[in-house]
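The values are calculated or read from the model by the stated rules, or taken from the named source; none is laboratory data. All of these numbers come straight from a predicted model, not from anything done at the bench. Positions of Cβ are backbone-derived with ideal geometry, glycine not excepted, and every protein chain shown enters the neighbour counts.
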Amino acid sequence: MSLIFFSAGCKKKVKPLSERIAKAWTAEAVKHNTTSVYVRGGSGNSVPGYSNFRLNLTGASNGAVYTEWDNKTFAGTWELQGDSKLILKGLNPEPSGTGGTVEFNIISIDDSKLVIKNVNPSKKTGDTINEYTLTNP
């Protein structure tokens, strides 16, 4: 009698995006259009203020606190549109030219890194589409 054992790979169950994204994120690298303007720890950053950038998605009832490169902070809520878009809404005070809503396409996410890109040009950075590589912690 011969016994054959099959080993099924145990895949780690992936948490829903809503759980994986609900963290406090800081900027590791930022591009305005295709131009790198900030790398954490870099000495030649053209916009060193991105060291202030925070995206905190840990608040109760999907509360969000968003701090931009100029250290201006906005509070509101966040929601996901499918697995591809993060929407910050009801931001108070309203970030320039946004009507209180800022939308990002989600480029990639893992346990400690999130890459997002503005859906609409940022008035604050001269109508550029900005890409943020964020880390936690």
Worksheet entry | In the range 98-132, the residues that are under 19 Å from Val39 (Cα atoms) and among the hydrophobic types (A, V, I, L, M, F, W, C) | Ile107, Ile109, Leu114, Val115, Ile116, Ile129
Fill in: Whichever residue in the range 116-137 is in a loop (DSSP other than H, G, I, E, B) and of a type outside the set (S, T, N, Q) and, among such residues, is surrounded by the fewest Cβ atoms within 10 Å (Cβ to Cβ)
Pro137
Item to complete: Tell me which residues, restricted to the range 16-29, are under 27 Å from Gly126 (Cα atoms), aliphatic (A, V, I, L, M) and within 11 Å of the chain's Cα centre (by Cα).
Response: Ala24, Ala27
Worksheet item: In this structure, does Phe74 turn out to be crowded, with 17+ Cβ neighbours inside 10 Å and either hydroxyl-bearing (Ser, Thr, Tyr) or in contact with a Pro (Cβ under 7 Å, 6 or more places away or on another chain) (or both)?
Response: yes
Worksheet item: Within the range 58-72, how many residues turn out to be in a strand (DSSP E or B), touching a Lys or Arg at 6+ places or on another chain (Cβ under 8 Å) and closer than 20 Å to Asn120 by Cβ?
Response: 2
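Conditions (1) β-branched (Val, Ile, Thr); (2) at pLDDT 95 or above; (3) exposed (fewer than 11 other Cβ atoms within 10 Å of the Cβ); (4) out of contact with any Leu (no Cβ under 7 Å at 6 or more places or on another chain), marked per residue:
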position	(1), (2), (3), (4)
Ser18	no, no, no, no
Lys31	no, yes, no, yes
Thr34	yes, yes, yes, yes
Val39	yes, yes, no, yes
Gly59	no, no, no, yes
Leu88	no, yes, no, yes
Glu94	no, no, no, yes
Ile106	yes, yes, no, no
Leu114	no, yes, no, no
Discussion item. List the residue pairs whose Cβ atoms are under 7 Å apart, where the first residue sits in the range 80-95 and is free of Cβ contacts under 8 Å to residues at least 60 places away in the same chain, the second is in a strand (DSSP E or B) and of a type in the set (S, T, N, Q), and the two are 6 or more positions apart or on different chains.
Written reply: Ser84/Asn105; Lys85/Asn105; Ile87/Gln81; Lys89/Thr77; Gly90/Thr77
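Look at Val102 and say whether it is buried (at least 18 other Cβ atoms within 10 Å of the Cβ) and over 21 Å from Ile129 (Cβ atoms).
Working: buried (at least 18 other Cβ atoms within 10 Å of the Cβ): yes; over 21 Å from Ile129 (Cβ atoms): no.
For Val102, the condition - buried (at least 18 other Cβ atoms within 10 Å of the Cβ) and over 21 Å from Ile129 (Cβ atoms) - is not met.
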